[in-house]
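Here, each number is a calculation from the coordinates, and none is a lab measurement. All values reported here derive from a predicted model rather than from experimental measurement. Glycine also receives a Cβ, built like all others from the backbone with ideal geometry; neighbour counts cover every protein chain displayed.
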There are 2 protein chains.
Amino acid sequence: MNCKANTDEKTAIQKLLTISQEINELNNIEALMHWDQEVCMPPGAAGERANQLATISRVIHQKETSPVIDDLLKESELSLDKLSEKDRALVRVMRRNYNQKTKLPEEFVAKFSKLTSQALQCWIDARKNSDFKQFQPFLEKIIDMSLQKAEYLGYTDHPYDALLDLYEEDLKTDELAEVFETIKTPLITILDKCRQLKIHKFSFEKPFDEDKQSEFSKSILRKMGYDFNRGREDKSPHPFTTSLGHNDRRVTNRFQPDSVDFIFSAFHEGGHALYEQGINKSIAGSHLDTGVSLGIHESQSRLWENMIGRSLAFWRHFYPELQKAFPDHFNAMSVNEFVACINQVKPGFIRVDADEVSYNFHVLIRFELEKALLEKTITCDDVPALWNRKYKEYFGLEVPDDATGVLQDIHWSHGSIGYFPTYTLGNLYSAQIWHTYQQVNPDYQSILENGDLTMIREWLCDNIYRYGAIYPPKELLKRVTGRDLSAEYLINYLQQKYCT
Amino acid sequence: MNCKANTDEKTAIQKLLTISQEINELNNIEALMHWDQEVCMPPGAAGERANQLATISRVIHQKETSPVIDDLLKESELSLDKLSEKDRALVRVMRRNYNQKTKLPEEFVAKFSKLTSQALQCWIDARKNSDFKQFQPFLEKIIDMSLQKAEYLGYTDHPYDALLDLYEEDLKTDELAEVFETIKTPLITILDKCRQLKIHKFSFEKPFDEDKQSEFSKSILRKMGYDFNRGREDKSPHPFTTSLGHNDRRVTNRFQPDSVDFIFSAFHEGGHALYEQGINKSIAGSHLDTGVSLGIHESQSRLWENMIGRSLAFWRHFYPELQKAFPDHFNAMSVNEFVACINQVKPGFIRVDADEVSYNFHVLIRFELEKALLEKTITCDDVPALWNRKYKEYFGLEVPDDATGVLQDIHWSHGSIGYFPTYTLGNLYSAQIWHTYQQVNPDYQSILENGDLTMIREWLCDNIYRYGAIYPPKELLKRVTGRDLSAEYLINYLQQKYCT
């Protein structure tokens, strides 16, 4: 960290690091408040927790937008080449953060925040009534303000670039469009193939015991190498992962009486948490002590959930454990049948219920609509009809109503234009990284069959986790896989899995 | 709240209230961090949580010592008579808080904090070695700095007054000395009487199941009227109550395999929590939204724990529930024998294990030593011999070593000189308040025998809880009981209980 011991005057980078740590600590405190809200908080406290969160946000905002940061960044940016790799990365990430927080005028932020809070209320009603028209005026304003937001943030080619960059550093509209064009046709072919296959579907007679689900979920996390000394698993309405500090990366899970979802949530959230737990302690507590982007983060959850957690090889090893935990459910079922059920492909209307092939179409549709709205080649008026036409085109399905269609997700009402693509990005990255792993470890099948997940975690840790946010996503991907993002890996992975 | 709607300019008191709420919110956030540390936090996160706590403390300290508060207080103090009772109380409490936080110079606070953190480490070692000499240099420095602290804080008669006032508003050394003088002889007489009684002691063959303890503890809380919609009970190494907001007053309990302590911890912490839950919502979220002092708070925990939770009348009602929950332990034991066991008086060396008669001597001994140390009539050199002499004098016991004697408690190493008396104050208040309750409700025995704890809670709520910190402790006591603090009630209560 460019250490100058025994001098009284701290360097700019040392000062930045101190500020970074303080901001990071406050963010961790805010994360604890959210975690407690989902996991522990008594219902009566909901209103006051919202106020407490607003207060801590104000404190954080004040620290994050202090002009001192800008001064120190400018000073550091003047002599970047004299800094270590880590320090340069700190400057890069803090600059991004500072710009994102300060480029938008305060009145704009307040206005947008008011708009989205009203939009959220309206979306809840509109979805209940399954009536897009009701929500449309809000979406129109959100698109208008998102364009304005893009102007404030700045971009070279496409206003959407400015919004995408908020979620995925340096992601461009053009490359995304190209990726989606590349995967569209092959994925439709795969979907067609899958339609001809036999349907495999669980039908359980008894409910799953909640305590046993929780126990099994923990055993998966242990198997993955999740460190319970530096985290914990709890129950919450929706599974999530959160970071309360370098040594406190918590996950949650949801336990439903009639579903095996808890198994894949354990893998998914475990994947997010392994990433955070694997960050090297030399960057603990700074802006670098986090996964570098939403896309890379999602790639780790998806890799564990899909490539490992849905593989026949892993379940050859682990299925007896599942049978032991739930004999009533699985003793009469073969491992092949189990794996067929958990990999069933069947296009449907709802993104969050989608299998790993059709999932990408849900994202693609959002992307196409968001892009066209920002380009003003369509208006909000056109959205529901276009939505329905695309579900017909890609899935051959007739969307029955707006609630099942365009109104299903909360994100637009939050004003999160540009967020959806990171989901597919996660799938693309995960396939590309998993391909590399297979190249480096040709015996990966026997590693899975022996249940040696620790070996896989260690490879991921050495190549991805430990760097935290040091390398931007594109650079990280290239370092790990030797190539820029390419759609072929996801297509190959899915073709191999579903068409051979 | 002296509301001036429709004017743009807020009054000083309105501005104070806003600041008060923000400070209160930050304090609640800090309380959540402590609660999580004791109840949930994974062990690996201990170090970083300490840093996060230091950071939030700095944020709070900055808000609490802002000169704006002083200006607004001065403005409000100029026209106190124009303010409502509540607003005057807010000014009183915020003034106390502001003065306490600002009268000590920052270097002094830093020096004291460094000293006590070293003292704590030393105390841990010294207690392990049972060697007071090892700890003595730190105690000497702590006494010196406490005298200095008293000078900074200011006092009229006795430096100890300044320290007592930190824990109990307006408590004076002289009145405390008088109270202890008054109770000393009668309590020794009661102790002598108790020595002649038969020993009643539990001897359980089976351990208590932890889950059943937790369930029973919750049933006590429900019985008391604790609102689980605005709180929760968890397990922690030491039972405590904490406030995370007006609608979030949490308690914890400890479950040991061989002890009924969990029952009395439930009553004790429940008593603290009922106080906080009973505060009127018109003062929610301000400096008034808390119990007014440590002594009054302790009076509520002790009233529920001892006057109610150890009464034969209540157990006549509730003992069948206990037998049902733990048939192996209690089915063969009569309610009279159970109540005799939970009220066994037997002087011992350890304060935290003490019965309700001898408890006060543990406090008295600390008080006498602290007072003499501050008056410099003794030195730290004299402390262990004096300690042991007093245990001989009051209890007839030979203290075997320093660990069992003068080194047993952590408080001095924390620098908390003046804290101990609030424990006995709690006992005195509780007896005086319980006496009043009995006067107003002469059928209190049948109320207890019917298990109508709600009636008792409502009376306490109407007379104490709902006011929060509006009335200073002395004024509150007089409003509730019609009299100033008097030692006779505790003596009468104990005489009646143990000598008739």
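Side notes on the structure shown:
- For the range A:439-500: rounded, prolate or oblate by the Cα gyration tensor [a/c cutoff 1.5]: oblate
- Copy-to-copy label distances for A:Ser130, where each label lies 7 Å from Cα along Cα-to-Cβ, are 7.9 nm in order of increasing length.
- Of all complete DSSP H helices in chain B, those with a Cα span along the helix axis of 20 Å or greater and a mean Kyte-Doolittle hydropathy of -1.0 or more are B:12-39, B:46-64, B:106-129, B:132-153, B:173-195, B:261-277, B:359-375, B:421-440.
- Here is how far apart the B:Ser446 label points are across copies: 8.5 nm, shortest first, using a point 7 Å from Cα toward Cβ.
- With neighbours defined as other Cβ atoms within 10 Å of a residue's Cβ, the residues A:Met41, B:Met145 order from fewest to most as B:Met145, A:Met41.
- Least to most buried among B:Ile124, B:Ile19, B:Ile183 (fewest other Cβ within 10 Å first): B:Ile124, B:Ile19, B:Ile183
- Inter-chain shielding of A:238-247 (mean C-beta neighbours from other protein chains, 10 Å cut-off): 3
- For the range A:130-198: rounded, prolate or oblate by the Cα gyration tensor [a/c cutoff 1.5]: oblate
- Cα centroid separation, the range B:278-329 to the range A:9-83 (Å): 40
- Positive minus negative residues near B:Pro105 (Lys, Arg vs Asp, Glu; Cβ under 12 Å): +1
- Summing charges over neighbours of B:Glu205, with a neighbour being any other residue whose Cβ is under 15 Å away from its Cβ, gives -1 when K and R count +1 and D and E count -1.
- Look at the stretch A:38-47: the mean tally of other chain Cβ atoms within 10 Å of its residues' Cβ atoms is 6.
- An oblate overall shape is assigned to the range B:12-159, the ratio a/c of its alpha-carbon gyration tensor axes (a ≥ b ≥ c) being 1.5 or greater and a/b not exceeding b/c.
- Label point of B:Arg483 (7 Å along Cα→beta-carbon): distances to the other copies' equivalent points are 9.0 nm, sorted ascending.
- Considering only alpha-carbon pairs that sit under 8 angstrom and 6 or more positions apart, the relative contact order computed for the range A:112-220 is 12 percent.
- Proximal charge balance of A:Lys346 [Cβ under 10 Å; K/R count +1, D/E count -1]: 0
- With a 10 Å cut-off around each Cβ of A:19-25, the average count of Cβ atoms from other chains is 3.
- For the range A:52-132, trypsin sites (Lys or Arg not before Pro) meeting the loop criterion (DSSP other than H, G, I, E, B) and having at most 14 other Cβ atoms within 10 Å: A:Lys103.
- Each of the peptides B:343-350, B:413-420 was scored by the mean count of other Cβ atoms within 10 Å over its residues; in descending order, highest first, they stand as B:413-420, B:343-350.
- Taking other Cβ atoms within 10 Å as a rough exposure proxy, B:Val93, A:Val109 sort from fewest to most as A:Val109, B:Val93.
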